[in-house]
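Structure first, commentary second.
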Amino acid sequence: MQDGHLPIWLPRLASDGGPRFLQIADALQAAVADGSLKPGDRLPPQRQLAARLHVDLTTITRAYDEARRRNLLEGRGARGTYVAAPKVELTSILDLSMNTPPPPDGVDFDDMLKQGLSQVLMRTDNALLMTYHLGGGSDSDRKAGARWLEPMFGHPDSRQLVVCPGAQAAIAALILALTEPGDVILAEPTSYPGLRAAATQFGRRIVAVEADRHGMVPGMLEEACRRHKPGLVYLNPTLQNPTAITMPECRRKELAGIAKRCNVRIVEDDPYWLLADAPPPPIATFAPEQVYYISTLSKCLTPGLRVAFVLIRNPDERERFLVALRSFALMVAPLTAALATQWILDGSADGLMEGVRNEARLRHRMARDILAGRYSGSGDGLHAWLELPAYWTSSQLARAADSEGIAVTPAEAFATDGGYVNAVRISLGSIRDRGHLQAGLQRLSRLLARRPESFTAAVV
């Protein structure tokens with residue numbers, strides 16, 4: 001690297017990209033990960049780099065110190081600073097396949113966890129944390145759930161809430177409670193794979209209903225309701241998994257009206273509502289007696305909590321749901337539920353979620369810049385849906401990406417009844433380090449620009 005030129009690995013510093021020293025350290029780490037910088041490369045002197053970037057010397061010093069902390073750099077006295085030989089494997093799999101919240105910048109999660117557990121243990125009878133709870137959550141847990149749902153519903157009745165060990169358990173219990181073997185469940189052509197897994201396991205059949213850029217098409221839903229007499233309709237209307245479409249309010253009202261006219265029940269799985277920018281009201285606000293609403297903490301806070309809240313207004317159906325839930329998942333682990341309740345009621349959950357939301361939006365901007373015209377995300381949430389050029393199929397691309405150390409999820413994983421879209425979903429939160437994410441997206445962008453035959457020739 002020549003000292004007189006700005007290093008090619010360094011991006012233009014963004015005013016909204018977080019602390020500048022971290023932007024520099026992240027760029028350095030990404031360059032090491034993708035091979036732009038190799039062990040033994042010499043870095044510019046700190047003063048020279050500070051002058052080139054129009055930042056103070058302290059910023060560069062902090063960036064180099066952070067890079068040393070990550071085992072990326074080593075000092076060689078008067079000879080300068082060099083890229084270190086990796087002490088960890090930098091070419092391990094870059095996982096863009098799992099939808100998890102990104103680690104928020106500026107939030108000390110370890111301290112938050114310790115403080116939360118300390119408060120729980122101080123305020124709760126430990127015996128209650130180590131015994132059975134059969135009622136779908138304690139009064140405190142349900143009140144915390146009502147607080148969590150306030151942005152969606154104002155002031156929901158906590159007595160109408162059930163606390164569940166995750167959204168997947170809630171979906172499975174609703175299928176068991178509200179349908180019979182052989183019943184049809186209507187869903188969009190591409191939908192959450194956990195729905196298909198539960199329906200298949202329980203002997204229910206999923207039928208796809210046509211969707212457009214606003215979600216499920218109302219006329220097609222009404223026709224399918226009359227033809228199939230479905231037991232349930234499954235919808236994920238906000239930042240839909242996998243397409244990232246947010247259904248507009250008018251479409252939600254239309255679908256709610258059809259549910260009333262056809263007397264069909266809707267499972268509204270809404271894990272990303274709190275991450276979205278000004279989302280419309282839930283479908284459950286337009287048809288409260290027809291819709292069962294699920295909100296999970298796993299996508300907004302952390303998957304380890306395994307806590308979801310289900311709003312079921314009819315008391316008889318609520319009891320049927322609890323009976324179904326207890327057949328395979330007796331309860332949420334009381335300690336986990338107590339921690340979630342503590343975080344929601346003391347405001348920690350709001351702070352963590354705001355950090356996740358901001359980090360997710362920053363990562364979306366990164367994906368949009370790197371993937372250019374191929375990016376089709378909404379700018380928030382945890383994932384983006386990439387429609388592929390005709391020369392790639394989604395399964396081909398997933399295999400090619402895997403061979404280059406990148407995991408993506410092909411469209412086939414989301415097909416409800418054999419439909420096909422030539423696309424892949426990329427998840428932006430599962431790679432903890434922002435620099436590694438940047439390297440993975442750059443590697444994916446280069447792969448997308450190549451044709452499968454050139455890729456095959458290169459790896460033979």
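Could you list all residues from the range 268-282 that are touching a Leu at 6+ places or on another chain (Cβ under 6 Å) and crowded, with 23+ Cβ neighbours inside 10 Å? Hits for the range 268-282 are 268, 272.
Pairing residues of the range 407-434 that are assigned by the TED database to the domain that holds residue 380 and among the small types (Gly, Ala, Ser) with residues that are part of a loop (DSSP other than H, G, I, E, B) and open to solvent by 40 Å² or more (accessible area, probe 1.4 Å), at Cβ distances under 6 Å and at least 6 apart in sequence or on separate chains, gives 407/93; 411/421; 419/189; 427/98; 430/98. Among the residues making up the range 319-334, a single one is basic (Lys, Arg) and within 28 Å of the chain's Cα centre (by Cα): 326. Can you name every residue in the range 97-122 that is open to solvent by 90 Å² or more (accessible area, probe 1.4 Å), free of Cβ contacts under 8 Å to residues at least 24 places away in the same chain and not acidic (Asp, Glu)? 114, 121, 122 - these are the residues of the range 97-122 that are open to solvent by 90 Å² or more (accessible area, probe 1.4 Å), free of Cβ contacts under 8 Å to residues at least 24 places away in the same chain and not acidic (Asp, Glu).
Just so you know, in the range 167-201 the residues that are touching a residue at least 24 places away in the same chain (Cβ under 8 Å), open to solvent by 20 Å² or more (accessible area, probe 1.4 Å) and in a loop (DSSP other than H, G, I, E, B) include one that is farthest from residue 237 (Cα to Cα), and it is 180.
For the range 246-275, taking the residues that are without any contact (Cβ under 8 Å) to a residue 40 or more places away in the chain and under 18 Å from the mean Cα position of the chain (by Cα), the one that is farthest from residue 296 (Cα to Cα) is identified as 247.
Scanning the range 10-50 for residues that are surrounded by 19 or more Cβ atoms within 10 Å (Cβ to Cβ) and in contact with a Ser or Thr (Cβ under 9 Å, 6 or more places away or on another chain) turns up 21, 24, 30, 33, 43, 44.
The lone criterion from (1) more than 22 Å from residue 443 (Cα to Cα); (2) touching a Lys or Arg at 6+ places or on another chain (Cβ under 7 Å); (3) hydrophobic (A, V, I, L, M, F, W, C) left unmet by residue 60 is number (2). Hey, does the range 372-381 have a residue that's within 29 Å of residue 237 (Cβ to Cβ), in contact with a Phe, Trp or Tyr (Cβ under 6 Å, 6 or more places away or on another chain) and outside any strand (DSSP E or B)? Within the range 372-381, one or more residues are within 29 Å of residue 237 (Cβ to Cβ), in contact with a Phe, Trp or Tyr (Cβ under 6 Å, 6 or more places away or on another chain) and outside any strand (DSSP E or B).
Within the range 286-307, the set of residues being within 26 Å of residue 184 (Cβ to Cβ) and not in a strand (DSSP E or B) comprises 286, 287, 288, 289, 290.
Taking helices (runs of 4 or more DSSP H) as the structural unit, those lying wholly within the range 111-158 and holding at least 1 residues that are among the hydroxyl-bearing types (Ser, Thr, Tyr) correspond to 139-148. When residue 364 is tested against (1) part of a helix (DSSP H, G or I); (2) free of Cβ contacts under 8 Å to residues at least 24 places away in the same chain; (3) not hydrophobic (A, V, I, L, M, F, W, C), only condition (2) is not met.
Can you find a residue in the range 308-322 that is under 25 Å from residue 361 (Cβ atoms) and either open to solvent by less than 10 Å² (accessible area, probe 1.4 Å) or not hydrophobic (A, V, I, L, M, F, W, C) (or both)? Taking every residue of the range 308-322 in turn, at least one turns out to be under 25 Å from residue 361 (Cβ atoms) and either open to solvent by less than 10 Å² (accessible area, probe 1.4 Å) or not hydrophobic (A, V, I, L, M, F, W, C) (or both). Test residue 369 against the stated conditions and say whether it is free of Cβ contacts under 8 Å to residues at least 24 places away in the same chain, open to solvent by 40 Å² or more (accessible area, probe 1.4 Å) and acidic (Asp, Glu). Against the criterion (free of Cβ contacts under 8 Å to residues at least 24 places away in the same chain, open to solvent by 40 Å² or more (accessible area, probe 1.4 Å) and acidic (Asp, Glu)), residue 369 qualifies.
Answer with yes or no whether residue 360 is among the small types (Gly, Ala, Ser), modelled with pLDDT of 95 or more, closer than 19 Å to residue 271 by Cα and assigned by the TED database to the domain that holds residue 139. Spelling it out, it is not the case that residue 360 is among the small types (Gly, Ala, Ser), modelled with pLDDT of 95 or more, closer than 19 Å to residue 271 by Cα and assigned by the TED database to the domain that holds residue 139. Under 8 Å by Cβ, and 6 or more places apart or on different chains, what pairs join a residue from the range 372-392 that is on the phi > 0 side of the Ramachandran plot with one that is open to solvent by less than 20 Å² (accessible area, probe 1.4 Å)? Taking only residues 6 or more apart or on different chains, the pairs are 379/364; 381/239; 381/244; 381/272; 381/275; 381/276; 381/360; 381/364. Has the range 335-357 got any residue that is polar (S, T, N, Q), surrounded by 21 or more Cβ atoms within 10 Å (Cβ to Cβ) and more than 21 Å from the chain's Cα centre (by Cα)? For the range 335-357, residues polar (S, T, N, Q), surrounded by 21 or more Cβ atoms within 10 Å (Cβ to Cβ) and more than 21 Å from the chain's Cα centre (by Cα): present.
The values are calculated or read from the model by the stated rules, or taken from the named source; none is laboratory data. Source: prediction; values computed, not measured. No Cβ is skipped: glycine too gets one built from the backbone with ideal geometry, and neighbour counts run over all protein chains shown. Ligands, DNA and RNA are excluded from the accessible area calculation, which covers all protein heavy atoms including side chains. Shrake-Rupley method; radii C 1.70, N 1.55, O 1.52, S 1.80 Å.
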